[in-house]
Each structure stands twice: as structure tokens, then as C-alpha cells.
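What follows draws every value from the coordinates through simple rules; no lab data is involved. Source: prediction; values computed, not measured. Methodologically, a virtual Cβ is constructed for each residue, glycine included, from the backbone with ideal geometry; neighbour enumeration extends over all protein chains shown.
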Amino acid sequence: MTGPVQFSSRPELRNPTLVAAWSMDAAGLGLSVTDYLVGKLGGQPFCHIEPVDFFALGGVTIDNDLVQFPESRFYACPEKDLVLFQSTPPSHEWYRFMNLVLEVARDYCHVREFYTVGSMVALGPHSAPRQFFATVSSRELKEELAPYGLTREVNYETPPGGRPTLNSFFLWAARRRNIPGANLWVPVPFYLVSSDDPAACKKVLEFLNHRLGLGLDLSDLDEEARALDERIDRIRASSPDVDRYIRKLENNEGLAEGEGEKLAKEVEELLREEED
Amino acid sequence: MGIRLFNEPKLHQPDMVVGWPGIGNIGVITVDTLRQETGAEPLGDIEPWDFFYPNKVVIRGGVLEKLEFPSNKFYYKRLEDRDLLLFIGEEQPSERGRMYAEGGKAYEMANLVLDVAEKFGCRRVYTSGAAVALTHHEMRPRVWAVATDDRLLAEAKGYINTVLMSEAEGRGDFGNITGLNGLLTGVARKRGFEAICLMGEIPDYLSRVPFPYPRASQAVLEVLGFALGVPIDPKALDSMVTQIEGVISNVFRQFPQEVREKIDQRKRDVQTRPGIITDEEERWLKEHIDDLFQRGEKGQ
């Protein structure tokens, strides 16, 4: 393969599963999950897609003084027969980009199925258990995944003026190439979208751990989730407003206009202050 | 990437009329009304996924049922003399998130549209768009024309209510037409087609509003009916025109008096091109127009 797809090595894989994630979703869930897998399973980068055809390269974005640049990279975990793909969402030529990803997945890696990881913004409190569901490419896969308890009877149509997610586009593009797969979704509390959500991360990893037989010990994520809860408890103790808003959510009461925005802003700022 | 034809009728020397969205959606409303008026039938489409991001996903019972993309459809109609081909694009393919197409994707799409024209023996293509003009929303919009050769220009000059672009508002010999409604005429010229772009006038102060401007479509439609020899109901767009004029009038009343007077002056003396809005007034309009239209819409 030539052109925008560049291999740096050729790992030996049998019929792996692909787990794909885009940056910039709520709580950075996709990258958290795939970073975790790369770290725990010793994933090695073996291929990337050159950005020039797919991203507006008129400059760079800066996040917390750090230069950001679009990246689209594959990692291999041959021992677990797993391929991971992380990418900045392309800004144009989406279908061509996805076909390149799927060409690497199918023609080189011989991927048998794939999962994308995504989050969505939820209005519930962080203390409620994370929900977890999937949209799948076929009824067969839906039946196969039924024992994992994540295939709810989701019915959804993009509202007028909206656009489908990149994950839906990817699911559709993969189905055209007869690669079965699912989009995994975890709703993340709206006031955690700018930070990490280890509980959401664990929800996805639990599924992948069982489904793919990864044998991972995920107890460190329980620790992280507990630590985050404690930090939010401290914030609640120091800010009566934050405590009141979260209590409302915990009691299934709606927030008044402006309260949600204030809660998200305060939690984000106070979590950042704690980190500093 | 390609063209999907639903059927392959034998057509007699068809003319093609093409429209994409743009300022006031003048082109696309024109061609869609022409489609409805003539009862044109679906002919085919362009596979959209190489050009567009999808605009709708449907999930049923957790299973992806379908993904929909902006449509790019061809239609045809057999007429007494020359037959008719139509193409309507729901969006312009944009490589960098811009409203108007440019670059490789635009060129590719223009060529695909002309491939279909060529396949069915078409040698003449009309596109339609907007001409931003120092006019008034209560004045009848004229239609500006450009073409790929002098003979066509002479023909266009004979159309009703039509002026050549160079003659409109003393613009001089040079101008440009942004997006695919313009680009297609260039690609058509390169490929040896005859092409005419017909642009309906839209007042400068309405060129940025998120509303269609059906009066201009009506004007272009009238010209197309004349040029193609197709009878078009002159009242075809009346209800849309009435509805939008109500919104525009509401908003216009909220313009500062001096701006209104200057614009109204255009009605009184069309020939001397009065009422040019100053830079400062233009800034005011740009800053307030969205807000005014939102209020105007609610006031309906």
C-alpha cells in the first residue's frame, strides 16, 4: 500500500479485532480506553495515515500550551490479536479516510470485527452508574452481543439540522465492506466532559475484556473512579452551589436555566485547580 | 465514485438545467420548481459519499438501518421540441467546510454532471444562481446572464428581463461567480458545451440572510421558460414569495431610517444607481441582520 498509509513495521496478526477511537469526544473516552489498552497490552505503533489530504493544515491548535497536530495511528497487540486505531477526526474526505482505515484493517490485518468507542453527554449525576449501549451493523452481531447486556433497543434518527457521528459513518462504511462491528457508547455526566471519567472508561473496558478475552485487571480504574468521586466530594464541600446542583440531579430534579452551565464551569475549574 | 442511472431513456437533443444551493437558494429553488412544473421524472443520481458528510442516520432496535447523504439527483422530461435534463444538488461539495465548492471535489462533481449531459446527447447547459445587486426587495429582480460564447450572449440578450453581467450596474467587463453554479459553466466550456448562467438579482442587504429569495427564482424561472420553450405557471412560487416578503417587510421596518431611505431611493430612480449603502451602514446591517430576521420571523 502506498500513498497516505505509511507502515513502520509489519506485526504478525491472525484475525484480530479492531478497536477504534477518535479524539475530542466527551471526557476523552475513546482515547482513554485505547490508551489504556496500548499501555496494558504493550501496543506498538505500526502504521499511520498522513494528514495532508484529510485535515486543514493551516496552522496548529494549542491546548494548555501544548501544540496539537492531527494524528491517525494504528497500534498492534499481537499477543491478544488486537489492533487499536486512534485518530483526530478528519475535517474532510471522510469516506476516503475511512476506506483507508478499513483497507488497513481488512486487507493487511484481516480484522474479523471492530468496535468504536464513543461517549455522549448525559444529564445525570456522576454518582449514578454509567449506562452502556451499542449500535451494531447487523442483526447477527446484535444477537451475538446480547449476552453482554449492551444491545438495547435503541431507536434514533438524526434530528433536522443535525449530523450523524463519525462512528455511525464508520459503521456504515465498514458494513459496505462486510466488516461486522459495533459503536460502543457511554453517556458521560455533562459536568465531566472536560475531564476524565474512569467509570465510563471501565464500562467499555469490562466489555472488551470479556468479549476479547484480554485478561486485564481493571481494579486500577476503580481506584481512579474512587479518587475522582473524592475530589468531587471535596468540591461539593467547598461550593454550596455545586453541592446543591448535584443533589438536585441525584434527586432526579431538573436544573434551572443557567445552573447546568454554572455546575459544569465550576467543576471543570475546581478539578483543574486541584490538578495544578 | 460514480453515476447511478435508474433508467436510460432515449432523449432528443436535451438541454440541461442545473442548480445548487447558494445565496438565497435561488438556483436550487428555480430548478426544483422547474422539475415540479414539468413533472420531470427521476433519472439517476451521483454517489454522494465521496463528496459529502452524511446528514442523517437511522437506527432501529440498536441496528444501523441506513445512513443518508445530501442528494444529487438527475431528472428528465420529454418535451415537444427538445427534451429536458435537470440536476439538483442539495449541497455543494466543500473540501474545507466552506459553503461553496471549490477545488478537486467541485471539479469532479461538475464533470460527473456533464458526463450525464453528454451521455444523453445534451449540448447546452443552463445554471442558475444569485446576482447580488443594488436593488430593492419590492422591485422586480432582473436576471443577469453570462455565457460561454458571443453567439449565446446575443441570444441571452434577447431573453425577457435579462441583462448581461457586464451591463448590470456598470460593473465593467470583469466579474466572478462563486461555487458550482459558476464553475460548471467553466467546465462546460472546457468540454465544448454551450453554457449560460442565469442569475436572479437579490438585494445586497439580503444576501447574507438565512432565507430563500423566491422572487429571484421566479424571475429566472420566467427566463428559463422562455429560453426552453417550456410553459411555466407564473404563479408557481407565489405563496413562497408572499410568505418571505412578509418576513422581509417586517425586518426592513426595523432598519435605521437613513438606511431605509437610501434603499427606498433605489425604487425611485433605478437608472442612476442611487442609494449605495456606505461602509458604516453595511457594517450595521451585517451586525444586525441575523437578529432582525429572527425577530421578524417570530413576528409573523
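Okay, here's what the table says:
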| item | result |
| --- | --- |
| Per-q log10 I(q)/I(0), region A:79-171, q = 0.10, 0.16, 0.21, 0.22 Å⁻¹ (Debye; single scatterer per alpha-carbon; no solvent) | -0.36, -0.92, -1.36, -1.40 |
| Number of partner chain Cβ atoms within 10 Å, mean per residue of A:92-100 | 4 |
| Chain A, Cα convex hull volume normalised per residue, Å³ | 155 |
| Orientation-averaged projected area, Cα convex hull of the protein assembly as shown (nm²) | 31.5 |
| Fraction of alpha-carbon pairs over 23 Å apart in region B:3-298 - percent | 57 |
| Within 10 Å of each Cβ in A:174-181, the average number of Cβ atoms from other chains | 1 |
| Rounded Å value of the spacing that divides the Cα centres of region A:248-267 and region B:214-251 | 49 |
| Euclidean distance between Cα centres, region A:185-242 to region A:39-76, Å | 25 |
| Whole-angstrom Cα spans of region A:222-275 along principal axes, big to small | 32, 21, 15 |
| Degrees, to the nearest 10: A:94-103 long Cα axis against longest axis of chain A | 60 |
| Order of A:Met120, B:Met165, B:Met109, B:Met199 - criterion: other Cβ atoms within 10 Å of each residue's Cβ, fewest first | A:Met120, B:Met165, B:Met109, B:Met199 |
| C-alpha long axis of helix A:198-212 to longest principal axis of chain A, angle in ° | 30 |
| Other protein chain Cβ atoms within 10 Å, averaged over every residue that makes up B:45-57 | 5 |
| Estimated FRET transfer efficiency (B:Glu41, B:Arg191; beta-carbon r; R0 35 Å; 0.05) | 0.85 |
| For peptides A:261-268, A:95-102, sequence by mean Cβ density within 10 Å, most packed first | A:95-102, A:261-268 |
| Helix-only mean residue ellipticity at 222 nm for the protein assembly as shown, each DSSP H run of n ≥ 4 adding -39500 (n - 2.57), per residue, nearest 500 | -12000 deg cm²/dmol |
| Label-point gap, in nm, between A:Tyr148 and B:Leu152 - each point 7 angstrom along Cα→Cβ | 5.7 |
| Angle between chain A longest axis and helix A:259-275 axis [Cα atoms, degrees, rounded to 10] | 80 |
| Histogram of C-alpha separations across region B:119-264, 5 Å bin width, % | 2, 9, 18, 21, 19, 14, 10, 5, 2, 1, 0, 0 |
| Relative packing of B:245-254, A:79-88, which averages over residues the other C-beta atoms within 10 Å, highest first | A:79-88, B:245-254 |
| By average C-beta atoms within 10 angstrom, highest first, the peptides A:234-244, B:58-68 | B:58-68, A:234-244 |
